[in-house]
1. Return the calculated 222 nm mean residue ellipticity for the chain, to the nearest 500 deg cm²/dmol, obtained by summing -39500 (n - 2.57) across DSSP H runs with n ≥ 4 and dividing by the residue count.
2. With a ≥ b ≥ c the root eigenvalues of the C-alpha gyration tensor of region 71-139, is it rounded (a/c under 1.5), prolate (a/b larger than b/c) or oblate?
3. Taking H placed 1.01 Å from N in the peptide plane, check which residues at least 5 places from VAL31 or on another chain put their amide H under 5 Å from its amide H.
4. Mind giving me the FRET efficiency for GLN169 and GLN30? R0 is 25 Å, r the Cβ-Cβ distance, nearest 0.05 is fine.
5. Straight-line reach from LYS125: which aspartates and glutamates fall under 17 Å, measuring Cα to Cα and dropping same-chain residues less than 8 apart?
6. Amide H to amide H, which residues 5 or more places from GLY43 or on other chains are under 5 Å from it, using H placed in the peptide plane?
7. Only Cα pairs under 8 Å and at least 6 apart count here; give the relative contact order of the chain as a rounded whole percent.
8. Could you tell me the center-to-center distance, by alpha carbons, between region 148-164 and region 119-139 in angstrom?
Amino acid sequence: MNQLTTQKPLAAVQADKAVVNSLMRTAGLQVEERLSTDFDFQGYIITSHVGEDQLVEAHKALSATMLPAEDNEIAKALLKLRALTSHRNEGADIDIILEAYVEKLKEYPRDAVLESLGKMSDQSKWFPAWSEIKDDVEFRCQHRMQMLAAIERKRDEQGRRAILREVQQRSA
């Protein structure tokens with residue numbers, strides 16, 4: 001389970017789902033998707049009992065698919081986006097803007113960030129606000145982020161159950 005399968009030609013959203021599906025098959029996780037009343041994706045729930053070692057390994061494998069882009073890759077993509085879109089300021093604060101955006105974008109997977117920044121100039125005439133970039137990047141990696149959260153919830157839940165069993169055994 002050290003390598004989850006991803007395919008290069010897929011767009012980030014398709015690759016995102018493919019990584020989660022690969023993880024479910026490889027780790028033997030039984031998972032339910034949580035959907036809103038409008039059928040919007042909200043997350044995952046792991047329904048099967050999985051050992052702590054399997055959860056740790058699944059978390060490690062999934063985290064490996066979420067490595068951030070290098071600072072210079074993000075800065076280059078941001079500069080290209082800025083060159084292709086209109087903006088209010090004529091560059092007086094470009095260094096501060098780049099530094100802030102790079103810092104925030106390092107919290108997300110490389111593929112989602114670079115694809116999002118690469119496509120934003122086709123979606124808007126204006127240089128996007130941070131919230132617009134954040135929403136687009138998170139959409140492109142939402143399945144991995146939500147599966148990671150589901151794994152962490154499952155580990156916490158199983159940890160609490162183990163503590164309760166131990167307390168019950170000691171008090172009996």
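1. It lands at -21000 deg cm²/dmol.
2. oblate
3. HN-HN under 5 Å from VAL31: THR47.
4. Details: r = 28 Å, r/R0 = 1.13.
With R0 = 25 Å, the Cβ-Cβ based efficiency is 0.30.
5. Counting by Cα, and skipping residues close in sequence, LYS125 has these aspartates and glutamates nearby: GLU90, ASP136.
6. Those lying under 5 Å, H to H, from GLY43 are ARG34.
7. 28
8. What the calculation gives is 35 Å, centre to centre.
Computed from the coordinates by the stated procedures, all read-outs in this text should not be read as laboratory data. Bear in mind that the values here come from a model prediction, so they are computed numbers and not experimental data. Every residue, glycine as well, gets a Cβ built from its backbone with ideal geometry; the counts of neighbours run over all protein chains shown.
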